[in-house]
Amino acid sequence: MKEKLTSFLQNKWSQVILFTLFVVITSLSLYLSQKSVVAFLLLLASLLVLYYMKLKNLTKWIVSAGILFILLPMASSGGPAFQSYMEVATMVGIYVAMALGLNIVVGLAGLLDLGFVAFFAVGAYSYAIFATPQASNFMPFGQYPLGGESFWIFLIIGGICAAIAGVLIGIPVLRVKGDYLAIVTLGFGEIIRIVFNNLDRPINFTNGAMGISSVTPPSIFGFNLVFPHHFYFVTLLILAFTIFAVLRFEHSKLGRSWKAVRENEIAAQAMGIPLVKTKLLAFALGATFSGMMGVVFAAKQAFIDPTSFTLLESFTILVMVVLGGMGSVPGVILGAALVTILNLQVLTELTNWVNQLNLSGMITIPDALSPAKMQKLLFGLLLVIFALYRPIGLIPAKNKKFDESKLKSSNSLSIDRENSVAIDKDNV
Amino acid sequence: MPILQLNNIETYYGAIQALKGISMDVGKGEIVTLIGSNGAGKSTTLKSISGLAKVKNGSIIYKDKDITNRPPHETTLLGLAHVPEGRRIFAQLTVKENLQMGAYSVKGKDIIQERMETVFSYFPRLKERLNQKGGTMSGGEQQMLAIGRALMMQPEVLMLDEPSMGLAPIIVEQIFEIILQLNSMGITILLIEQNAYQALSIAHRGYVIQNGAIVLSGTGSELIENEQIKEAYLA
Amino acid sequence: MPILEVTNVTKEFGGLIANKDITLSVEKGSITAVIGPNGAGKTTFFNLVTGVYQPTSGEILVEGKSVVGLKPDEVAKRGISRTFQNIRLFGEMTVLENVLVGMHKHLKTGLLGIILNLPSTRNEELEAEKEAYRLLEYFDLAPLLNEKAKNLSYGAQRKLEIARALATKPKLILLDEPAAGMNPKETKELTDIIKQMGEEFDVSILLIEHDMKLVMEISEQIYVLDHGEKIAEGTPNEIRTNPKVIEAYLGSGAVQLGQRSEASANTTTE
Amino acid sequence: MLQELLFSLPQVLIDGLALGAIYAVVALGYTMVYGILQLINFAHGEIFMTGAFIGTGFFIMLMGMSWTTAIPQLLLFIIVIVITASFTGLIGVGMERVAYRPLRSAPRLIPLITAIGISFILQDVIRFIAELATGRYILTGPSLFSNQITINFSSISSWFNNASFKTSFLIVLITAILLMVALDYFVNRTKWGTAIRAVSLDRETASLMSINVNKVISTTFFVGSALGGATGVLFAMQYGTIDPYIGFILGLKAFIAAVLGGIGNIRGAMLGGVILGLMEMFAAANLSILTGGIFGAEYKDVFAFAILIIVLIFRPEGLLGKPTAEKV
């Protein structure tokens, strides 16, 4: 019986049928019921199921794009909680992109960065300053705030600013190794936060601890993007780009050089890989995605202040990477989604539930023990438990499997340096 | 009855099998040498005995007791001293502190002092350098300190891992003389050497280890005369 | 012109002289060996040539151009590649990937090519993979292409290191104890591979090795180091009979000790 | 400008010394653990914080009892500090046993992550306990040794202003010095201390000397954490108010102090702590003057981090450390 079930589940078509059923049921219940967190979460979880199905990669990409771009927004639009679902989904997208960025630095290149949120802050401030009158404090020319159309350019500018910050921080920082690197990056993360917190004088760049409010909403063809579901689509597009790029990096010569540096710096150098350049590139590229999402975050919140960019945020992103599986793209996506949902949805729901129980007099739980206040404790426990029992993460990194039959060629080995084989096509 | 006996020892480093079933024995009062090329498993054999490397299969019997996989701080208490490859003296500790560490498990200042004097009788040089940091001494002095430190335990079996490594021939000769002297005092010696000729010439018996397995054994003089050995190790 | 010319190189580590006034040259297309007891400064010498350490004094020329002051990756770009005494593979990466890393500096694609997955990038990558595979075939490692490097046997790891070093298409390859940990059969195979390798890949070879059989069989020129100093150089036959070498490395002086040992052996066994 | 700097110098020195002494003792904990395990015990700052809470809790409890009024405050202080140090020492030992020992052969990143995890757990657990016991998590201890003492520097020279401090400053300073001297003696003169140094130099060889390495590591954690906890008590006494988040940033600064002095080097940690405390207080008092009002005291943490980064870049082994090179 058990064997039959397994073989049934292994069958491609039965998988497809079950999956379709699952998606239809969850979508319908999400659409029909008033408050249906479970259905929402299950629909998101369908992507994880999809990951493990026996389908072609391209099919998986198309199906998940369909679910995320069409089904999820449609299905959740049924109830009053639509915007809050979209909000959660947007935050998931933002964190996934950031975690993927950090994964390049920590997972692939093996450089422990504990101040990663700094790049997110750089992106966020770069848009917030120019999309509010703030910029007129120090820019003698031009009219501020810039219009909402500028958001799209700032996606790139924010990414570039973050990349530059990554390189600037990287140059001094990369002279130290291992644990020291962790501490120094942590220090830099704090420095950037303190600087943003105090740059309201002598010239008011960031408006200090007060933060920058009324950030101009992005607009496209004269249409202003203000609602969470607008940002959901923007985030999704950037995320798609991020995932695409990160997957390309991983299996390119660049990804290999990062991994080589991570595995053994001395051997990597002996293979002609320049250490500093390779590490800086990891810092810069990782920061870019974070900076882009910073721009989205500033626009979505319409208000930013330094409290959004604390050490805890940096740790949270690191937790996502470690929990998911360092160096593993699907793992990091899963880790980031789980942690974000845990923070935004599960803890909130739990708190509400506990509050209700308290109010109804069923039990009395002191305010001190409210689940919303347990974020750190839960994180801490997760970190310790995972480090002890599953240090490789939820979906551990896998190496690319090469197809031997594609690499075999009839002609035997003949390499001579005059026509370097790697590049010269005629030779093969 | 051998004082130390290895039965089919298999030891792994991760997935790599370093020892593929080593069996050998060391009789009380003997000098036994283990020769073989770099990476053949000589050091791993010693580490397996002292407990620094984890044995996967096989057993190690010392004075009728099974000591397989006992941690090093216990095997040393039983009288097995291991002088590791590369001397490994505590570079930042003084000579005196190094010797004191050798007598870590010994209680009583008088006994420690007494043993220190014994060590000085073998290595007068150490007495001159008592308050010098170990790391500032020459290679030969460091090797003397490493052996002296092990003698502070008053071991029954002294395991020496390449004591001649990187030392000038004249110093090597001194070290070998000391080994003979210690042996004549009743200490059993298990010696690893790359300089096969020298090692075999002072040993009662020898084992040849290759790729994690014993391939040849015999008395010192037998092995020196062996054609295979001559070809492989004596050039 | 020799491929490598080292003149009067000295390396000190805080007062300790690891290499003293070493002069050595490797002829193009030759196999040269450096031998000597453990701790004689052989590996330090390799580290000086490959830029891991900088010499305290002296000159190192590769094809007539100085490499002193260059970083290891820059030295590698000058056409010098190496293996390591304590194997340094990229353990978590597959066998094929390890070799691909060796090809790094010959791959031309840029960041944009990677992100956009341009046809030229894909082509280059495929060609590199094929070439890497052929290298693995040469070293009989092809069936293991998707294994993690750290899971390979000792002998296979040593061979993979050589394959990876060759992937950089070096002019000179430095092998640090390539036969360490190999059994006689593997050593025999390796000896043949090294012998053929020079011609096959048009590469000069400088190696450190303790296996005298291997060294004597394949080397054209041998240098002997002891206590950081060069004590002899010459052809295998010259080295074999050189009294200095015999004393420092191959073993002697033991004759005297040997007699004494027999005496002491007699007393203890009785 | 120089005049202004000199004018406030006496007060800066006193405040800097108090802060520096605290940094120094906490830095010892980092440096000892790093020396022996090459691990940054991220949670050490939280041990310090835990000590501050346990100590304050005991003070409040003891002061609430009628019979304690008969005991001299100084004796009370000694009792509290000893109890607190034993508690935090045990927490440190437990932490090593649970979170670090199983990971000793794991990649370096993994124990760093458990360390962060333990920090979070300690922060929240202390907060819960404090909030459950008192209704709030910011605690103010009973004021002890709060007599104000003024030293008349202006009588020495009109260049200086007078400086004042509470009696507690003296107690902090004396206790810190005593702790440091005791530790220095323990590590450099006793058999256990020599064993700790031997284990940190070469764990494998130490075990060949019949040294039980695990026991020595546990001892190190106990001593380091006891010192951290004791400093927590000193901190609470000197600065009055504590919350569960003081450990993180202070721990970080203490770590900087350890790196500054040369991590793994005990005297270096003391030196680094004092230097950092003095510099920070100097920056807090004078940054605004020095930069013409552009950067104020709020940049003092930036200043501390900047020092760390500069030291690491130019002298990564720290002021008293010895450079190490990877063997190739």
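State whether the range A:66-160 is rounded, prolate or oblate according to the following rule on the C-alpha gyration tensor (a ≥ b ≥ c being the square roots of its eigenvalues): a/c under 1.5 gives rounded; otherwise a/b larger than b/c gives prolate, and the remaining case gives oblate. Oblate shape, in that a/c is at least 1.5 and b/c is the bigger or equal ratio. Relative contact order of chain D, taken over Cα pairs closer than 8 Å and 6 or more residues apart, is 35 percent.
Each residue of the range B:54-65 is assigned a 3J(HN,Hα), and the resulting list reads 7, 8, 8, 10, x, 9, 10, 10, 10, 6, 6, 10 Hz, derived from the Karplus form 6.51 cos²θ - 1.76 cosθ + 1.60 (θ = phi - 60°), x at Gly and Pro. The shape of the protein assembly as shown comes out oblate: with a ≥ b ≥ c from the C-alpha gyration tensor, a/c is at least 1.5 while a/b does not beat b/c. Remark: C-alpha extents of the range C:89-168 on the principal axes read 39, 22, 20 Å, sorted largest to smallest. Close lysine pairs were tallied over the range A:1-80: pairs 8 or more places apart or on different chains with Cα atoms under 17 Å apart number 4. Once the Cβ-Cβ distance of A:Leu359 and A:Ser14 is raised to the sixth power relative to R0 = 51 Å, the FRET efficiency obtained is 0.60.
Across peptide B:89-100, the mean count of Cβ atoms from other chains lying within 10 Å of each residue's own Cβ comes to 4. The range D:252-328 and the range A:253-290 have their alpha-carbon centroids 29 Å apart. The range A:352-391 and the range A:49-71 have Cα centres separated by 34 Å. Computing Rg and the Kirkwood Rh from the Cα coordinates of the range D:48-126 gives a ratio, Rg/Rh, of 1.16.
For the charge dipole of the range C:89-168, defined by +1 on Lys and Arg C-beta atoms and -1 on Asp and Glu C-beta atoms about the Cα centroid, which residue among C:Val101, C:Leu144, C:Asn123 has the Cα displaced farthest towards the positive pole? Among C:Val101, C:Leu144, C:Asn123, the one farthest towards the positive end of the dipole of the range C:89-168 is C:Val101. Between C:Thr56 and C:Met1, full extension at 0.36 nm per residue minus the direct alpha carbon distance yields a gain of 17.3 nm. For the pair A:Ala65 and C:Glu189, label points projected 7 Å from Cα toward Cβ lie 4.8 nm apart.
Restricting the calculation to alpha carbons of chain A gives Rg and Dmax of 23.8, 85 angstrom.
Amide H to amide H distances under 5 Å link B:Met159 with B:Ala81, B:His82, B:Val83, B:Leu190, where only residues 5 or more positions off or on other chains count and H is placed in the peptide plane. If you take the square roots of the eigenvalues of the alpha-carbon gyration tensor of the range A:1-80 and sort them as a ≥ b ≥ c, do you get rounded (a/c under 1.5), prolate (a/b over b/c) or oblate? Oblate is the answer for the range A:1-80, as a/c is 1.5 or above yet b/c matches or exceeds a/b. Averaging the Cα positions of each part gives two centres, and for the range B:119-176 and the range C:40-55 these lie 28 Å apart. Here the dipole of the range C:89-168 is about 180 debye; that uses its Cα centre as origin and unit charges on the Cβ of Lys and Arg (positive) and Asp and Glu (negative).
Counting only DSSP H runs of at least 4 residues, each contributing -39500 (n - 2.57), and dividing by the residue count of chain C, the helix-based mean residue ellipticity at 222 nm comes to -12000 deg cm²/dmol. Of the chymotrypsin sites (Phe, Trp or Tyr not before Pro) found in the range A:31-140, the ones in coil according to DSSP and having at most 13 other Cβ atoms within 10 Å of their Cβ are A:Phe138.
Throughout, read-outs are computed from the coordinates displayed, never taken from laboratory work. A quick note: this is a predicted structure, and the numbers were derived from the prediction, not measured. Please note: Cβ atoms are built from the backbone with ideal geometry, for glycine as well, and neighbour counts cover all protein chains shown.
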